[in-house]
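Reading through the C-alpha coordinates given below for one structure.
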Amino acid sequence: MFRFDPYSPAIDADPFPFYRTLRDEHPCFWSEEANMWVLSRYDDIVTALNDWETYSSAKGNLMDEMPNRAGNTLGTTDPPRHDRLRGIVQFAFTRKAVEGLVEPVRASANRALDAVQGEKTFDFVNDFSSKVTVDVLFGLFNLPRENERMVRDKAVLMVQSDPRTRQKGPEHLAAFQWMSDYAKSLVELRTREPGDDLITALIQAEVNGEKLAEREVQMTVTTLIMAGIESLSGFLTMFAYNLADHADARRRLAANPALIPDAVEESLRFNTSAQRFRRCLQKDVTLHGQTMRAGDFVCLAYGSGNRDERRFPDADRYDIDRKPKGHLGFGGGVHACLGTAFARLASRVAFEELLKRVPEFERVQEQLPWMPSTTFRSPTRLELAAAWA
Amino acid sequence: MAKITFIEHSGERLVVNIPVGWTVMQGAVQNGVEGIEAECGGSCACATCHCYVDEAFVDALPAPSETEEAMLECTAAERLPNSRLSCQLKVSEALDGLVLRLPEAQS
Ligand code: HEM
Ligand code: FES
(Lines give C-alpha, C1' and ligand atoms only; values in the text may rest on other atoms or scores of the structure.)
(Ligands and ions follow the chains in the order given, each with its own letter.)
Protein backbone atom coordinates (compact mmCIF):
# COMPACT_ATOMS: atom_id res chain seq x y z
CA MET A 1 0.00 0.00 0.00
CA PHE A 2 1.23 3.47 -0.85
CA ARG A 3 2.19 5.71 2.06
CA PHE A 4 3.25 9.33 2.20
CA ASP A 5 5.21 10.10 5.35
CA PRO A 6 6.60 13.65 5.35
CA TYR A 7 8.66 12.76 8.46
CA SER A 8 10.69 10.09 6.70
CA PRO A 9 14.29 10.79 5.68
CA ALA A 10 13.43 9.36 2.23
CA ILE A 11 11.04 12.26 1.65
CA ASP A 12 13.55 14.78 2.98
CA ALA A 13 16.05 13.43 0.47
CA ASP A 14 13.82 13.03 -2.60
CA PRO A 15 10.06 13.64 -2.42
CA PHE A 16 9.57 13.79 -6.19
CA PRO A 17 8.85 10.09 -6.98
CA PHE A 18 6.31 10.10 -4.12
CA TYR A 19 4.71 13.25 -5.48
CA ARG A 20 4.30 11.63 -8.88
CA THR A 21 2.42 8.68 -7.39
CA LEU A 22 0.29 11.08 -5.38
CA ARG A 23 -0.62 13.14 -8.45
CA ASP A 24 -1.28 10.18 -10.73
CA GLU A 25 -2.94 7.72 -8.36
CA HIS A 26 -4.01 9.52 -5.18
CA PRO A 27 -4.69 13.18 -5.99
CA CYS A 28 -6.64 13.57 -2.74
CA PHE A 29 -4.71 11.40 -0.27
CA TRP A 30 -5.09 10.87 3.46
CA SER A 31 -1.65 10.59 5.05
CA GLU A 32 -1.86 8.77 8.36
CA GLU A 33 1.63 9.80 9.33
CA ALA A 34 0.95 13.47 8.75
CA ASN A 35 -2.63 13.15 10.00
CA MET A 36 -3.88 15.25 7.11
CA TRP A 37 -4.97 15.23 3.49
CA VAL A 38 -2.39 15.90 0.79
CA LEU A 39 -3.19 17.83 -2.40
CA SER A 40 -0.50 17.39 -5.02
CA ARG A 41 -1.90 18.51 -8.38
CA TYR A 42 -1.26 22.04 -9.57
CA ASP A 43 -4.90 22.91 -10.25
CA ASP A 44 -6.14 21.60 -6.92
CA ILE A 45 -3.52 23.57 -5.00
CA VAL A 46 -4.32 26.79 -6.86
CA THR A 47 -8.04 26.30 -6.26
CA ALA A 48 -7.31 25.94 -2.54
CA LEU A 49 -5.03 28.99 -2.48
CA ASN A 50 -7.67 31.12 -4.14
CA ASP A 51 -10.27 30.16 -1.53
CA TRP A 52 -9.04 31.12 1.95
CA GLU A 53 -12.61 31.00 3.25
CA THR A 54 -12.57 27.21 2.81
CA TYR A 55 -8.84 26.59 3.26
CA SER A 56 -8.02 28.59 6.40
CA SER A 57 -4.56 29.42 7.75
CA ALA A 58 -5.81 30.50 11.18
CA LYS A 59 -4.95 27.11 12.72
CA GLY A 60 -1.36 27.40 11.49
CA ASN A 61 0.38 27.05 8.13
CA LEU A 62 3.53 25.08 8.97
CA MET A 63 3.14 21.31 8.67
CA ASP A 64 4.27 21.13 12.30
CA GLU A 65 3.09 24.31 13.96
CA MET A 66 4.77 25.99 16.90
CA PRO A 67 3.15 27.19 20.12
CA ASN A 68 1.34 30.57 20.03
CA ARG A 69 1.78 31.14 16.31
CA ALA A 70 -1.70 30.16 15.12
CA GLY A 71 -3.89 33.26 14.95
CA ASN A 72 -1.04 35.66 15.71
CA THR A 73 1.04 36.14 12.56
CA LEU A 74 0.66 37.00 8.90
CA GLY A 75 1.02 33.41 7.79
CA THR A 76 -1.43 32.17 10.44
CA THR A 77 -4.42 34.53 10.24
CA ASP A 78 -7.21 34.86 7.69
CA PRO A 79 -8.62 38.01 6.10
CA PRO A 80 -9.76 40.56 7.08
CA ARG A 81 -7.26 40.59 9.97
CA HIS A 82 -4.53 39.10 7.79
CA ASP A 83 -4.95 41.80 5.16
CA ARG A 84 -4.64 44.58 7.73
CA LEU A 85 -1.46 43.05 9.14
CA ARG A 86 -0.11 42.61 5.63
CA GLY A 87 -0.97 46.22 4.86
CA ILE A 88 1.29 47.28 7.73
CA VAL A 89 4.37 45.34 6.65
CA GLN A 90 3.97 45.34 2.86
CA PHE A 91 5.51 48.81 2.54
CA ALA A 92 8.90 47.47 3.65
CA PHE A 93 8.87 44.70 1.03
CA THR A 94 7.75 46.32 -2.21
CA ARG A 95 10.05 46.17 -5.21
CA LYS A 96 10.84 49.84 -4.77
CA ALA A 97 11.57 49.48 -1.07
CA VAL A 98 14.11 46.70 -1.57
CA GLU A 99 15.93 48.28 -4.53
CA GLY A 100 18.29 49.97 -2.08
CA LEU A 101 19.55 46.55 -0.98
CA VAL A 102 21.43 45.77 -4.20
CA GLU A 103 24.75 47.17 -3.03
CA PRO A 104 24.52 45.78 0.53
CA VAL A 105 23.86 42.28 -0.89
CA ARG A 106 26.74 42.67 -3.34
CA ALA A 107 29.11 43.76 -0.60
CA SER A 108 27.96 40.99 1.70
CA ALA A 109 28.44 38.33 -1.00
CA ASN A 110 31.95 39.59 -1.65
CA ARG A 111 32.86 39.57 2.04
CA ALA A 112 31.72 35.96 2.28
CA LEU A 113 33.75 35.04 -0.81
CA ASP A 114 36.83 36.92 0.44
CA ALA A 115 36.85 34.69 3.51
CA VAL A 116 37.20 31.52 1.40
CA GLN A 117 39.04 33.02 -1.59
CA GLY A 118 41.30 30.45 -3.25
CA GLU A 119 40.09 27.48 -1.16
CA LYS A 120 39.74 24.31 -3.23
CA THR A 121 36.49 23.42 -1.50
CA PHE A 122 34.06 25.30 0.70
CA ASP A 123 30.69 24.65 2.34
CA PHE A 124 28.15 26.75 0.48
CA VAL A 125 25.73 26.73 3.43
CA ASN A 126 28.07 27.84 6.17
CA ASP A 127 30.45 29.93 4.12
CA PHE A 128 28.00 31.64 1.80
CA SER A 129 24.20 31.27 1.82
CA SER A 130 23.55 31.54 5.54
CA LYS A 131 26.17 34.27 6.07
CA VAL A 132 24.85 36.48 3.30
CA THR A 133 21.22 35.92 4.26
CA VAL A 134 21.68 36.79 7.92
CA ASP A 135 23.90 39.74 7.12
CA VAL A 136 21.39 41.27 4.71
CA LEU A 137 18.30 40.57 6.81
CA PHE A 138 19.91 42.20 9.82
CA GLY A 139 20.32 45.25 7.61
CA LEU A 140 16.75 45.08 6.31
CA PHE A 141 15.26 44.86 9.81
CA ASN A 142 17.88 47.20 11.28
CA LEU A 143 18.79 44.71 14.01
CA PRO A 144 21.66 45.28 16.42
CA ARG A 145 24.70 43.47 15.03
CA GLU A 146 25.19 41.06 17.89
CA ASN A 147 24.13 37.44 18.01
CA GLU A 148 24.14 37.09 14.21
CA ARG A 149 25.47 33.56 14.32
CA MET A 150 23.16 32.50 17.15
CA VAL A 151 20.09 33.90 15.38
CA ARG A 152 20.94 31.96 12.24
CA ASP A 153 21.48 28.68 14.13
CA LYS A 154 18.21 29.01 16.05
CA ALA A 155 16.23 29.97 12.95
CA VAL A 156 17.43 26.82 11.21
CA LEU A 157 16.79 24.59 14.20
CA MET A 158 13.28 25.84 14.93
CA VAL A 159 11.85 24.73 11.58
CA GLN A 160 13.06 21.15 11.98
CA SER A 161 11.28 18.13 13.43
CA ASP A 162 12.67 15.02 15.07
CA PRO A 163 12.54 12.20 12.50
CA ARG A 164 12.16 9.54 15.20
CA THR A 165 9.44 11.00 17.38
CA ARG A 166 7.75 12.75 14.42
CA GLN A 167 7.31 15.87 16.48
CA LYS A 168 9.25 18.89 17.43
CA GLY A 169 11.89 17.76 19.91
CA PRO A 170 12.97 19.73 22.99
CA GLU A 171 15.85 21.33 21.06
CA HIS A 172 13.49 22.62 18.35
CA LEU A 173 11.05 24.04 20.84
CA ALA A 174 13.91 25.57 22.81
CA ALA A 175 15.13 27.26 19.63
CA PHE A 176 11.66 28.63 18.99
CA GLN A 177 11.48 29.87 22.57
CA TRP A 178 14.89 31.50 22.20
CA MET A 179 13.72 33.28 19.06
CA SER A 180 10.51 34.46 20.73
CA ASP A 181 12.54 35.87 23.63
CA TYR A 182 14.94 37.48 21.20
CA ALA A 183 12.01 39.03 19.31
CA LYS A 184 10.60 40.23 22.62
CA SER A 185 13.86 41.97 23.46
CA LEU A 186 13.90 43.62 20.02
CA VAL A 187 10.34 44.85 20.53
CA GLU A 188 11.30 46.26 23.93
CA LEU A 189 14.33 47.94 22.40
CA ARG A 190 12.30 49.58 19.63
CA THR A 191 9.59 50.62 22.10
CA ARG A 192 12.26 52.47 24.10
CA GLU A 193 14.20 53.68 21.08
CA PRO A 194 11.91 53.95 18.06
CA GLY A 195 13.68 53.97 14.70
CA ASP A 196 12.88 54.20 11.03
CA ASP A 197 12.39 50.46 10.71
CA LEU A 198 9.87 47.68 10.35
CA ILE A 199 9.71 46.67 14.00
CA THR A 200 8.97 50.25 15.03
CA ALA A 201 6.28 50.41 12.36
CA LEU A 202 4.67 47.25 13.73
CA ILE A 203 4.70 48.60 17.27
CA GLN A 204 3.14 51.89 16.27
CA ALA A 205 0.67 50.55 13.70
CA GLU A 206 -3.01 50.48 14.40
CA VAL A 207 -5.45 47.95 13.01
CA ASN A 208 -9.02 49.23 13.25
CA GLY A 209 -7.95 51.93 15.67
CA GLU A 210 -6.39 49.28 17.88
CA LYS A 211 -2.69 48.75 18.42
CA LEU A 212 -1.38 45.25 17.79
CA ALA A 213 -1.05 43.23 20.97
CA GLU A 214 2.50 42.81 22.22
CA ARG A 215 2.30 39.10 21.48
CA GLU A 216 1.24 39.76 17.90
CA VAL A 217 4.15 42.09 17.30
CA GLN A 218 6.52 39.61 18.89
CA MET A 219 5.20 36.60 16.94
CA THR A 220 5.22 38.56 13.70
CA VAL A 221 8.84 39.56 14.25
CA THR A 222 9.71 35.94 15.12
CA THR A 223 8.04 34.79 11.90
CA LEU A 224 9.75 37.37 9.76
CA ILE A 225 13.14 36.35 11.07
CA MET A 226 12.41 32.65 10.70
CA ALA A 227 10.74 32.96 7.28
CA GLY A 228 13.46 35.24 6.03
CA ILE A 229 16.48 33.32 7.20
CA GLU A 230 15.34 29.76 6.64
CA SER A 231 13.64 30.33 3.29
CA LEU A 232 16.23 32.55 1.70
CA SER A 233 19.35 30.66 2.74
CA GLY A 234 17.59 27.38 1.92
CA PHE A 235 16.70 28.66 -1.52
CA LEU A 236 20.17 30.05 -2.27
CA THR A 237 21.53 26.63 -1.36
CA MET A 238 19.09 24.85 -3.67
CA PHE A 239 20.02 27.23 -6.46
CA ALA A 240 23.73 26.44 -6.01
CA TYR A 241 22.90 22.73 -5.90
CA ASN A 242 21.04 23.01 -9.22
CA LEU A 243 23.88 24.92 -10.85
CA ALA A 244 26.45 22.43 -9.55
CA ASP A 245 24.49 19.59 -11.13
CA HIS A 246 23.62 21.41 -14.36
CA ALA A 247 26.94 22.65 -15.68
CA ASP A 248 25.49 23.83 -19.00
CA ALA A 249 23.03 26.11 -17.27
CA ARG A 250 25.74 27.42 -14.94
CA ARG A 251 28.10 28.22 -17.81
CA ARG A 252 25.39 30.10 -19.63
CA LEU A 253 24.69 32.20 -16.54
CA ALA A 254 28.37 32.92 -15.94
CA ALA A 255 28.72 34.06 -19.57
CA ASN A 256 25.49 36.04 -19.51
CA PRO A 257 24.36 37.14 -16.03
CA ALA A 258 21.21 38.66 -17.52
CA LEU A 259 19.85 35.09 -17.56
CA ILE A 260 20.10 34.73 -13.77
CA PRO A 261 16.52 35.91 -13.02
CA ASP A 262 15.07 33.26 -15.35
CA ALA A 263 17.19 30.60 -13.66
CA VAL A 264 15.95 31.78 -10.24
CA GLU A 265 12.34 31.32 -11.36
CA GLU A 266 13.07 27.87 -12.74
CA SER A 267 14.78 26.88 -9.49
CA LEU A 268 11.78 28.10 -7.50
CA ARG A 269 9.67 25.81 -9.65
CA PHE A 270 12.01 22.85 -9.92
CA ASN A 271 12.83 22.24 -6.26
CA THR A 272 11.87 25.20 -4.08
CA SER A 273 13.09 25.09 -0.49
CA ALA A 274 9.52 25.72 0.79
CA GLN A 275 7.93 22.40 -0.16
CA ARG A 276 4.74 21.96 1.86
CA PHE A 277 2.37 24.11 3.91
CA ARG A 278 -0.98 23.33 5.46
CA ARG A 279 -4.50 24.71 5.76
CA CYS A 280 -7.54 23.78 7.85
CA LEU A 281 -10.89 23.10 6.16
CA GLN A 282 -13.81 25.28 7.16
CA LYS A 283 -16.41 23.09 5.43
CA ASP A 284 -16.70 19.64 3.87
CA VAL A 285 -15.11 19.39 0.43
CA THR A 286 -15.45 16.48 -1.98
CA LEU A 287 -12.56 16.09 -4.40
CA HIS A 288 -11.56 13.17 -6.66
CA GLY A 289 -14.15 10.97 -4.95
CA GLN A 290 -12.94 11.64 -1.39
CA THR A 291 -14.78 13.72 1.17
CA MET A 292 -12.59 15.86 3.38
CA ARG A 293 -14.37 17.07 6.51
CA ALA A 294 -14.58 20.50 8.07
CA GLY A 295 -11.81 20.69 10.67
CA ASP A 296 -9.43 18.38 8.76
CA PHE A 297 -5.98 19.66 7.93
CA VAL A 298 -4.86 19.71 4.29
CA CYS A 299 -1.26 19.78 3.06
CA LEU A 300 -0.66 21.86 -0.05
CA ALA A 301 2.39 20.26 -1.65
CA TYR A 302 3.75 23.20 -3.65
CA GLY A 303 6.83 21.20 -4.61
CA SER A 304 4.55 18.65 -6.27
CA GLY A 305 2.30 21.14 -8.05
CA ASN A 306 5.47 22.58 -9.53
CA ARG A 307 6.29 19.19 -11.11
CA ASP A 308 2.78 18.57 -12.42
CA GLU A 309 3.00 17.68 -16.11
CA ARG A 310 -0.58 18.83 -16.46
CA ARG A 311 0.73 22.38 -16.00
CA PHE A 312 4.45 22.24 -16.85
CA PRO A 313 5.37 20.01 -19.82
CA ASP A 314 8.47 17.87 -19.22
CA ALA A 315 8.26 19.00 -15.59
CA ASP A 316 11.18 16.93 -14.30
CA ARG A 317 13.63 18.71 -16.56
CA TYR A 318 15.55 21.71 -15.20
CA ASP A 319 15.27 24.22 -18.04
CA ILE A 320 16.33 27.81 -17.45
CA ASP A 321 14.57 28.91 -20.66
CA ARG A 322 11.21 27.73 -19.38
CA LYS A 323 9.97 30.98 -17.72
CA PRO A 324 7.50 29.07 -15.52
CA LYS A 325 4.60 31.50 -15.11
CA GLY A 326 2.41 30.86 -12.10
CA HIS A 327 4.81 28.48 -10.30
CA LEU A 328 4.12 27.77 -6.63
CA GLY A 329 7.62 28.42 -5.28
CA PHE A 330 6.29 31.36 -3.29
CA GLY A 331 2.88 29.81 -2.63
CA GLY A 332 -0.06 31.91 -3.82
CA GLY A 333 -3.31 33.61 -2.90
CA VAL A 334 -3.47 36.09 -0.02
CA HIS A 335 -0.65 34.23 1.77
CA ALA A 336 1.76 34.44 -1.16
CA CYS A 337 5.23 35.14 0.16
CA LEU A 338 5.80 38.63 1.52
CA GLY A 339 9.50 38.44 0.74
CA THR A 340 9.31 37.74 -3.02
CA ALA A 341 10.81 41.01 -4.27
CA PHE A 342 13.57 40.86 -1.69
CA ALA A 343 14.29 37.15 -2.27
CA ARG A 344 14.47 37.63 -6.04
CA LEU A 345 16.79 40.58 -5.74
CA ALA A 346 19.06 38.94 -3.17
CA SER A 347 19.29 35.72 -5.20
CA ARG A 348 20.15 37.57 -8.38
CA VAL A 349 22.83 39.79 -6.87
CA ALA A 350 24.40 37.04 -4.73
CA PHE A 351 24.77 34.78 -7.79
CA GLU A 352 26.08 37.57 -10.00
CA GLU A 353 28.97 37.93 -7.56
CA LEU A 354 29.42 34.21 -6.95
CA LEU A 355 29.57 33.32 -10.66
CA LYS A 356 31.96 36.19 -11.37
CA ARG A 357 34.46 34.83 -8.87
CA VAL A 358 33.65 31.10 -8.99
CA PRO A 359 32.46 30.40 -12.52
CA GLU A 360 33.14 26.67 -12.18
CA PHE A 361 32.08 24.52 -9.26
CA GLU A 362 30.88 21.02 -8.63
CA ARG A 363 29.39 18.98 -5.85
CA VAL A 364 31.83 17.09 -3.59
CA GLN A 365 29.38 14.95 -1.59
CA GLU A 366 27.64 12.10 -3.36
CA GLN A 367 24.93 11.92 -0.67
CA LEU A 368 23.73 15.15 0.89
CA PRO A 369 22.63 15.58 4.50
CA TRP A 370 19.02 16.77 4.08
CA MET A 371 17.44 18.81 6.82
CA PRO A 372 14.76 16.88 8.72
CA SER A 373 11.72 19.11 8.11
CA THR A 374 8.14 18.49 7.05
CA THR A 375 7.80 21.96 5.52
CA PHE A 376 11.21 22.96 4.12
CA ARG A 377 13.80 21.08 2.05
CA SER A 378 17.50 21.88 1.66
CA PRO A 379 20.82 20.26 2.56
CA THR A 380 22.51 21.30 5.81
CA ARG A 381 25.94 21.14 4.12
CA LEU A 382 26.78 21.59 0.47
CA GLU A 383 30.50 21.19 -0.19
CA LEU A 384 31.58 22.62 -3.50
CA ALA A 385 34.86 22.09 -5.33
CA ALA A 386 35.59 25.53 -6.74
CA ALA A 387 37.67 26.83 -9.64
CA TRP A 388 38.29 30.51 -8.86
CA ALA A 389 38.38 33.04 -11.67
CA MET B 1 -16.49 31.02 -15.92
CA ALA B 2 -16.35 34.56 -17.21
CA LYS B 3 -14.41 35.62 -20.28
CA ILE B 4 -12.24 38.62 -19.44
CA THR B 5 -10.02 40.59 -21.80
CA PHE B 6 -6.81 42.23 -20.62
CA ILE B 7 -5.21 44.86 -22.84
CA GLU B 8 -1.55 45.26 -21.92
CA HIS B 9 -0.01 48.71 -22.12
CA SER B 10 1.79 47.51 -25.27
CA GLY B 11 -1.62 46.97 -26.87
CA GLU B 12 -1.42 43.18 -26.69
CA ARG B 13 -4.80 41.58 -25.90
CA LEU B 14 -5.20 38.49 -23.75
CA VAL B 15 -8.54 36.77 -23.39
CA VAL B 16 -8.78 34.62 -20.27
CA ASN B 17 -11.53 32.42 -18.80
CA ILE B 18 -11.70 32.92 -15.04
CA PRO B 19 -13.77 30.73 -12.67
CA VAL B 20 -16.60 32.41 -10.78
CA GLY B 21 -15.50 33.19 -7.22
CA TRP B 22 -11.87 33.92 -8.11
CA THR B 23 -10.66 37.48 -8.25
CA VAL B 24 -9.76 39.08 -11.57
CA MET B 25 -6.17 39.40 -10.31
CA GLN B 26 -5.95 35.66 -9.53
CA GLY B 27 -7.08 34.82 -13.06
CA ALA B 28 -4.55 37.26 -14.52
CA VAL B 29 -1.62 35.88 -12.53
CA GLN B 30 -2.52 32.26 -13.36
CA ASN B 31 -2.53 33.09 -17.03
CA GLY B 32 0.69 35.06 -17.11
CA VAL B 33 -0.77 38.52 -17.76
CA GLU B 34 2.42 40.62 -17.62
CA GLY B 35 0.87 43.93 -16.63
CA ILE B 36 -0.46 42.71 -13.26
CA GLU B 37 2.20 42.38 -10.55
CA ALA B 38 0.11 41.72 -7.42
CA GLU B 39 2.98 41.92 -4.96
CA CYS B 40 0.75 41.46 -1.91
CA GLY B 41 -1.10 38.44 -3.24
CA GLY B 42 -4.46 40.14 -3.12
CA SER B 43 -4.43 41.54 0.41
CA CYS B 44 -5.28 45.01 -0.91
CA ALA B 45 -1.97 46.23 0.41
CA CYS B 46 0.21 47.08 -2.60
CA ALA B 47 -1.78 48.65 -5.48
CA THR B 48 0.30 46.74 -8.06
CA CYS B 49 -2.78 45.05 -9.57
CA HIS B 50 -4.17 48.35 -10.86
CA CYS B 51 -6.40 48.30 -13.97
CA TYR B 52 -8.67 50.63 -15.91
CA VAL B 53 -12.17 49.22 -16.33
CA ASP B 54 -13.84 49.62 -19.72
CA GLU B 55 -16.45 52.38 -19.38
CA ALA B 56 -19.29 50.03 -20.30
CA PHE B 57 -18.64 47.97 -17.15
CA VAL B 58 -17.82 50.61 -14.55
CA ASP B 59 -21.37 50.72 -13.22
CA ALA B 60 -21.76 46.94 -13.18
CA LEU B 61 -19.08 46.66 -10.47
CA PRO B 62 -19.68 47.07 -6.74
CA ALA B 63 -18.12 50.31 -5.44
CA PRO B 64 -14.62 50.07 -3.95
CA SER B 65 -14.30 49.38 -0.22
CA GLU B 66 -12.68 51.91 2.07
CA THR B 67 -9.35 50.04 1.93
CA GLU B 68 -9.43 49.84 -1.86
CA GLU B 69 -10.22 53.58 -1.98
CA ALA B 70 -7.16 54.27 0.17
CA MET B 71 -4.89 51.97 -1.86
CA LEU B 72 -6.09 53.48 -5.15
CA GLU B 73 -4.40 56.67 -3.99
CA CYS B 74 -1.08 54.76 -4.06
CA THR B 75 -1.04 53.53 -7.67
CA ALA B 76 2.16 54.09 -9.66
CA ALA B 77 0.26 55.14 -12.81
CA GLU B 78 -2.32 57.92 -12.75
CA ARG B 79 -5.57 57.14 -10.97
CA LEU B 80 -8.55 57.71 -13.27
CA PRO B 81 -12.27 57.56 -12.48
CA ASN B 82 -12.35 53.99 -13.88
CA SER B 83 -9.32 52.81 -11.88
CA ARG B 84 -9.77 49.64 -9.81
CA LEU B 85 -7.58 47.10 -8.02
CA SER B 86 -8.13 43.79 -9.79
CA CYS B 87 -7.62 41.78 -6.58
CA GLN B 88 -10.77 43.34 -5.20
CA LEU B 89 -12.95 42.41 -8.18
CA LYS B 90 -14.70 39.07 -7.64
CA VAL B 91 -15.59 37.28 -10.83
CA SER B 92 -19.29 36.54 -11.40
CA GLU B 93 -21.27 35.61 -14.52
CA ALA B 94 -22.21 39.29 -14.72
CA LEU B 95 -18.59 40.13 -15.55
CA ASP B 96 -18.53 37.93 -18.66
CA GLY B 97 -17.11 40.04 -21.47
CA LEU B 98 -15.34 42.51 -19.14
CA VAL B 99 -12.50 44.47 -20.76
CA LEU B 100 -9.62 45.86 -18.68
CA ARG B 101 -6.77 48.08 -19.76
CA LEU B 102 -3.47 47.82 -17.88
CA PRO B 103 -1.38 50.84 -16.92
CA GLU B 104 2.16 51.57 -18.08
CA ALA B 105 3.64 50.83 -14.65
CA GLN B 106 2.53 49.08 -11.45
CA SER B 107 5.48 49.94 -9.23
C1 HEM C 1 13.51 32.33 -1.87
C2 HEM C 1 13.17 32.53 -0.64
C3 HEM C 1 11.75 32.32 -0.13
C4 HEM C 1 10.85 31.34 -0.43
C5 HEM C 1 11.05 30.15 -1.37
C6 HEM C 1 9.64 31.62 0.32
C7 HEM C 1 8.48 30.87 0.26
C8 HEM C 1 7.29 31.18 0.88
C9 HEM C 1 6.05 30.45 0.72
C10 HEM C 1 5.87 29.20 -0.12
C11 HEM C 1 5.10 31.07 1.47
C12 HEM C 1 3.63 30.66 1.60
C13 HEM C 1 3.30 30.00 2.90
C14 HEM C 1 1.89 29.45 2.95
O15 HEM C 1 1.33 29.10 1.90
O16 HEM C 1 1.31 29.36 4.05
C17 HEM C 1 5.73 32.21 2.10
C18 HEM C 1 5.09 33.09 2.94
C19 HEM C 1 5.75 34.11 3.62
N20 HEM C 1 7.07 34.48 3.47
FE21 HEM C 1 8.41 33.68 2.18
N22 HEM C 1 9.84 32.75 1.06
C23 HEM C 1 11.11 33.22 0.82
C24 HEM C 1 11.70 34.33 1.37
C25 HEM C 1 11.12 35.14 2.31
C26 HEM C 1 11.76 36.28 2.92
C27 HEM C 1 13.16 36.76 2.62
C28 HEM C 1 10.85 36.79 3.84
C29 HEM C 1 10.95 37.94 4.79
C30 HEM C 1 11.96 38.59 5.11
C31 HEM C 1 9.65 35.98 3.76
C32 HEM C 1 8.51 36.17 4.53
C33 HEM C 1 7.32 35.51 4.36
C34 HEM C 1 6.11 35.80 5.12
C35 HEM C 1 5.96 36.85 6.21
C36 HEM C 1 5.12 34.93 4.65
C37 HEM C 1 3.65 34.89 5.10
C38 HEM C 1 2.88 35.85 4.23
C39 HEM C 1 1.38 35.88 4.48
O40 HEM C 1 0.82 34.89 4.99
O41 HEM C 1 0.77 36.91 4.17
N42 HEM C 1 9.85 34.99 2.82
N43 HEM C 1 7.07 32.25 1.72
S1 FES D 1 -2.59 42.54 -5.27
FE2 FES D 1 -1.90 43.98 -3.87
S3 FES D 1 -3.48 45.43 -3.86
FE4 FES D 1 -4.17 43.99 -5.29
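If you go through region B:77-104 one residue at a time, how many are in contact with a Pro (Cβ under 8 Å, 6 or more places away or on another chain) and over 27 Å from A:ARG81 (Cβ atoms)?
Selection size over region B:77-104: 2.
What number of residues in region A:314-357 are over 21 Å from B:MET25 (Cα atoms), within 14 Å of chain B (Cβ to nearest Cβ) and over 16 Å from the mean Cα position of the chain (by Cα)?
Residues flagged as over 21 Å from B:MET25 (Cα atoms), within 14 Å of chain B (Cβ to nearest Cβ) and over 16 Å from the mean Cα position of the chain (by Cα) within region A:314-357 amount to 1.
Consider A:ARG166 against the criteria (1) buried (at least 21 other Cβ atoms within 10 Å of the Cβ); (2) at positive phi: it satisfies all of them except one. Which criterion is unmet?
For A:ARG166, the failing item is (1).
Out of region A:285-324, which residues are in a strand (DSSP E or B), among the aliphatic types (A, V, I, L, M) and in contact with a Leu (Cβ under 9 Å, 6 or more places away or on another chain)?
A:LEU287, A:MET292, A:VAL298, A:LEU300, A:ALA301
Only helices (runs of 4 or more DSSP H) wholly contained in region B:12-107 count here; list those with 1 or more residues that are more than 9 Å from chain A (Cβ to nearest Cβ), within 16 Å of ligand 1 (Cβ to nearest atom) and in contact with a Phe, Trp or Tyr (Cβ under 7 Å, 6 or more places away or on another chain). Step through it out loud before you land on a result.
Details: elements: B:24-30, B:55-58, B:66-72.
No helices (runs of 4 or more DSSP H) qualify here.
Assess whether A:PHE361 counts as being farther than 30 Å from A:GLY71 by Cβ and open to solvent by less than 20 Å² (accessible area, probe 1.4 Å).
Yes; evaluated as a whole, the condition is true for this residue.
Which residue out of A:ARG381, A:ARG348 is open to solvent by 10 Å² or more (accessible area, probe 1.4 Å) and in a helix (DSSP H, G or I)?
Just a single option satisfies the conditions, and that option is A:ARG348.
Exactly one of (1) among the aliphatic types (A, V, I, L, M); (2) in contact (Cβ under 8 Å) with a residue 12 or more places away in the chain; (3) surrounded by fewer than 23 Cβ atoms within 10 Å (Cβ to Cβ) is unmet by A:ALA255. Its number?
(2)
In region A:363-382, which residues are more than 11 Å from ligand 1 (Cβ to nearest atom) and either within 14 Å of chain B (Cβ to nearest Cβ) or within 22 Å of A:ILE229 (Cα to Cα) (or both)?
Correct list: A:LEU368, A:PRO369, A:TRP370, A:MET371, A:PRO372, A:SER373, A:THR374, A:PRO379, A:THR380, A:ARG381, A:LEU382.
List the helices (runs of 4 or more DSSP H) inside region A:181-284, counting only whole elements, that have at least 1 residues being closer than 26 Å to A:GLU366 by Cβ and modelled with pLDDT under 90. Talk me through it step by step, then tell me what you get.
Values: elements: A:198-204, A:214-245, A:247-255, A:260-271.
Helices (runs of 4 or more DSSP H) meeting the threshold: A:214-245.
Determine whether region A:210-218 contains at least one residue that is within 16 Å of ligand 1 (Cβ to nearest atom), surrounded by 22 or more Cβ atoms within 10 Å (Cβ to Cβ), touching a residue at least 40 places away in the same chain (Cβ under 8 Å) and not β-branched (Val, Ile, Thr).
no
A:GLU360 versus (1) within 14 Å of another protein chain (Cβ to nearest Cβ); (2) within 23 Å of A:ALA254 (Cα to Cα); (3) not aliphatic (A, V, I, L, M): which is the lone unmet condition?
All conditions pass for A:GLU360, except number (1).
Among what's in region A:72-81 and is more than 8 Å from chain B (Cβ to nearest Cβ), crowded, with 16+ Cβ neighbours inside 10 Å and assigned to a loop (DSSP other than H, G, I, E, B), pick the residue that is nearest to the chain's Cα centre (by Cα).
So the residue we want is A:THR73.
When the residues of region B:77-93 are filtered to those that are in contact (Cβ under 8 Å) with a residue 40 or more places away in the chain and either open to solvent by less than 70 Å² (accessible area, probe 1.4 Å) or more than 13 Å from ligand 2 (Cβ to nearest atom) (or both), which remaining residue is farthest from the chain's Cα centre (by Cα)?
B:GLU93
Return the residues of region B:31-47 that are open to solvent by less than 30 Å² (accessible area, probe 1.4 Å) and either more than 13 Å from ligand 2 (Cβ to nearest atom) or small (Gly, Ala, Ser) (or both); say none if nothing qualifies. Quick ask: steps written out before the conclusion?
Initially, region B:31-47 is screened for residues open to solvent by less than 30 Å² (accessible area, probe 1.4 Å), giving B:32-33, B:35-36, B:38-47.
If the condition is that a residue be open to solvent by less than 30 Å² (accessible area, probe 1.4 Å) and either more than 13 Å from ligand 2 (Cβ to nearest atom) or small (Gly, Ala, Ser) (or both), then B:GLY32, B:GLY35, B:ALA38, B:GLY41, B:GLY42, B:SER43, B:ALA45, B:ALA47 are the ones that fit.
The values are calculated or read from the model by the stated rules, or taken from the named source; none is laboratory data. It should be emphasised that the depicted structure is a prediction, and the values quoted were computed from it without experimental measurement. Every residue, glycine among them, receives a Cβ derived from its backbone with ideal geometry; neighbour counts consider all protein chains shown. These accessible areas exclude ligands, DNA and RNA; they are computed on the full protein's heavy atoms, side chains included. Shrake-Rupley method; radii C 1.70, N 1.55, O 1.52, S 1.80 Å.
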